[in-house]
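Worksheet: the structure to be examined is printed underneath.
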Amino acid sequence: MPAPPPTLTARILRFRRVRQALALALLALVAVSAAFLLTPSRFTPTIPADDALGTLFSGTLKANRDYDVFDPETTAEKREEAARSVWPVYDYDGSAAVVLQRRIADAFAGGRDALTQWKQKGASRAAKVAALRPDRKIDSELYKFLLAQRDEFWKALQAVVDDEEYVELAKTGFDPSVQRAAERLAGLAAAGFTVEERGLLAADRERGIIVRTIGDAPAPEQAVRDIDRIRDLARARADVERLTPEQLADLQPRTARAVASLVRRALRPNLAYDDVETRRRQDAKRAQVKPVLLQVRKGEKIIGDGEQITKTHLLIFHALRAAGRASQDEQVRWGGGLFAALICAAVFEFGRRNVRKFRLRSRDVVLLAALLVGQLLIVRGALFGADALHDFVRDSLPPRIGAYVAQALPAAVPYALGSLLVRFLLHSEAAILWTVAFAPLCGLLAGGSLQAAAAALVGGVVAADRIGNAGSRSAVFRAGLFAGLATAVVLGAFAMFQGRLWSWETAATVAGAVLGGAVMIPLLALLIAPILEVVFGYVTDIQLLKLANFNHPVLKDLIVQAPGTYHHAILIGQLVDEAAREIGANPLLARVGAYYHDIGKGKNPLYFGENQKGENRHDALTALMSAQIIQRHVPEGVDLARASKLPRQVIDFIPQHHGTRLIGYFFHRAKDEAERAGATPPNEAEFRYLGPKPQTREAALVMIADMVVATARNLASVAPEKLRALVDRAIQATVAEGQLDECEITLRDLELTAQSFAGSLGALYTSQAEAAPPPAAPKLRVLEPAADLKRA
């Protein structure tokens, strides 16, 4: 039964411009929401101007909220210090030796071609060429011709060679053996690092340099501390003279000298200073230095009556005036919206272009935008609530306790909630990028607080990491606890930076962060996540764990109706679980998909080899009828999965684990029957699965494991090398048929998968052998169509 037609929304979203319009609309929604949520609070005290430096202040000025004031002088000093720590970058041409050898080969080939053309113009000329010997004198006519061709030789070699040396090479007829000797000597001479002048490295002798390999075979860059092992060009050419007696011993002395001179003149430096890259890294190092901030806490005295105004005071006054103008200037409101739009657009575009797994569907984009706005609203409300409760708590509780509780309230804000939800519903790449976008907005929302931004970033990253593959509600609470601890560490680090780590106020702040993470974040996540699952149609690991329970009704029916298929599915689940861990895929999703991928075989179990015990029912059917029965287990499995309300992500494994593969056994059987009867050959499309091909790495693992398990039943030997060869053949066949073209599995993933599958099969057979050593494996009495399919 074919899949139901896509909905109107799905058909509309197939158009690229519609999806772009949706993304722009969501970006505008985020920007407008941020414009109102990020507006700073009003603050209008009388603040001295810059010309008040050195005068005495009248009155007492306190901060109405937290401020992080940028200190430009200290920041500039730290950035220059960071730039000086960058090692100079040199570019190493890794293909220099190959290029040199190619130039030599081209020059010799050009010389041979010229001689060939010259001797074809007459028998006497051919004799003169044939008489060329290193120990003989060249005919004057031929000598003139060779000198006329000298410039072409220089051009191909990219070096100027003396006439005597050129003639010596010509006397050999530019012999290929001489060419090979020159190439061999050139390869040895060009090995290692060579600069134009060693004096250029003198300034870097104490610390070293960074070497980047460029050319046709780039390699990871390396740090070189031993500058003395880098040669200059003069030393490299001297090495040519040193290598000549050993490498060119089989040549005539004059020829060997000519070859050595040719290589020496053609040799070029392969290591050069890259000023642009060095400056770029210095600039990047400067950019990594965070601005030095003067932190002013809410209620803290900035300057007292009679105190002299200093440069530090002026910096803080600038921040106060900026905050005062922000509350009165409407353009600042929309500046916050523009800032949010730029942050979101930049992060989204970076992820789309550079992060391999950041491939979002339209509903994913809507979810991320909704969570961003919702999280900003939650943080704004939490901060407002903490500020509103501040005075109430101080007045209601004993003074000392009230002060500590009031200090803890802002730290309990659930900064990491959104990151936890994104990772819970999507994947780690989306969670990291979402957190990167949210953190600066959170800092701006908290009054331009670097501390809040750092807490949102670190707490969000830790929450996303710890919630990965969470299979229970307790895992959500553990993730919240770790996020709270991470936030507490950030707050403690800032307190240490401010020199007030060992204080009761800091202890209260840390306790508030831990309590907020351990209680508020999990409770809110468990409240919001089910709503998002229903609205957006996501499946979480908690749901997958329920499906992985062998007492699930679908699996219980399968073990009764098709025990062989059930065992086959469990074995595949074991294989893909380990392989998914190796390649960084979702092991739980892969295992659950493996459990349910063949549930359609329960309708006609005896038509599949793993359930047959004697009679092969396909013997009484035509090849086409057998193929149709085999094909039918896919739509029947999809119908059963939908009726059992399995998640879409699990249902997708049923059609995708076969892709568009050919049911090879029955197709070739039908083809043979048609040839014997003289009938029209069968239509190959009738013997293929309808697909689609695997769209995820998890589905690709199930496809490969399905083939491996099916073919492993026919192995007479379970030696490790046999198992590895079996797995390699399955992967190669799948790749050759293009079944993995639509998923994002890489060659490295396939190599790790092959190692994992072979190891898991070996461990399985070993454990079976230790439990009960079986007799020699008998040959199967009946050819199983399913197994033949995997081989095809």
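The values are calculated or read from the model by the stated rules, or taken from the named source; none is laboratory data. Being a predicted model, the structure only gives us computed values, none of them experimental. Here Cβ is always computed from backbone atoms with ideal geometry, including for glycine, and neighbour counts include all displayed protein chains. Ligands, DNA and RNA are stripped out before the accessible areas are found, and what is left, the full protein with its side chains, is counted by its heavy atoms. Shrake-Rupley method; radii C 1.70, N 1.55, O 1.52, S 1.80 Å.
Structure above, values below:
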item	result
Residue check, Asp228 open to solvent by 50 Å² or more (accessible area, probe 1.4 Å) and either without any contact (Cβ under 8 Å) to a residue 60 or more places away in the chain or closer than 18 Å to Ala96 by Cα (or both)	yes
Filter result (assigned to a helix (DSSP H, G or I) and either surrounded by fewer than 17 Cβ atoms within 10 Å (Cβ to Cβ) or at pLDDT below 80 (or both)) within region 337-364	Leu338, Leu342, Ala345, Ala346, Glu349, Phe350, Arg352, Arg353, Asn354, Ser362, Arg363
Per-region count, region 709-731, residues within 28 Å of the chain's Cα centre (by Cα), surrounded by 21 or more Cβ atoms within 10 Å (Cβ to Cβ) and under 14 Å from Ala763 (Cβ atoms)	1
Scan of region 78-105 for residues that are surrounded by fewer than 16 Cβ atoms within 10 Å (Cβ to Cβ) and either among the polar types (S, T, N, Q) or closer than 25 Å to Ala189 by Cβ (or both), ordered by number	Ser85, Arg102
Residue selected from region 584-606 under the condition of a type in the set (A, V, I, L, M, F, W, C) and open to solvent by less than 20 Å² (accessible area, probe 1.4 Å), by the criterion farthest from His618 (Cα to Cα)	Ala585
Selected residue [in contact with a Pro (Cβ under 9 Å, 6 or more places away or on another chain), open to solvent by 30 Å² or more (accessible area, probe 1.4 Å) and of a type in the set (S, T, N, Q)] from Gln574, Gln561	Gln561
Within region 624-650, considering residues that are without any contact (Cβ under 8 Å) to a residue 40 or more places away in the chain and hydrophobic (A, V, I, L, M, F, W, C), the one surrounded by the most Cβ atoms within 10 Å (Cβ to Cβ)	Ile629
Residues of region 292-313 satisfying the condition of being open to solvent by 60 Å² or more (accessible area, probe 1.4 Å) and closer than 18 Å to Glu73 by Cα	Lys311, Thr312
Residues being open to solvent by 60 Å² or more (accessible area, probe 1.4 Å) and not polar (S, T, N, Q) - total across region 607-623	5
Region 662-688, residues that are surrounded by 22 or more Cβ atoms within 10 Å (Cβ to Cβ) and under 24 Å from Leu640 (Cβ atoms)	Ile663, Phe666, Phe687
Which numbered condition Val211 fails, given (1) in a strand (DSSP E or B); (2) open to solvent by 20 Å² or more (accessible area, probe 1.4 Å); (3) of a type in the set (A, V, I, L, M)	(2)
Search result, residues across region 735-750 that are part of a helix (DSSP H, G or I) and closer than 18 Å to Ile583 by Cα	Val735, Leu747, Arg748, Asp749, Leu750
Residue list for region 422-445, filter: open to solvent by 30 Å² or more (accessible area, probe 1.4 Å), within 29 Å of Tyr67 (Cα to Cα) and out of contact with any Gly (no Cβ under 7 Å at 6 or more places or on another chain)	Ile432, Val436, Pro440
Selection within region 486-524 - open to solvent by 20 Å² or more (accessible area, probe 1.4 Å), among the small types (Gly, Ala, Ser) and either under 15 Å from Val458 (Cβ atoms) or part of a helix (DSSP H, G or I) (or both)	Ala493, Ala507, Ala511, Ala518
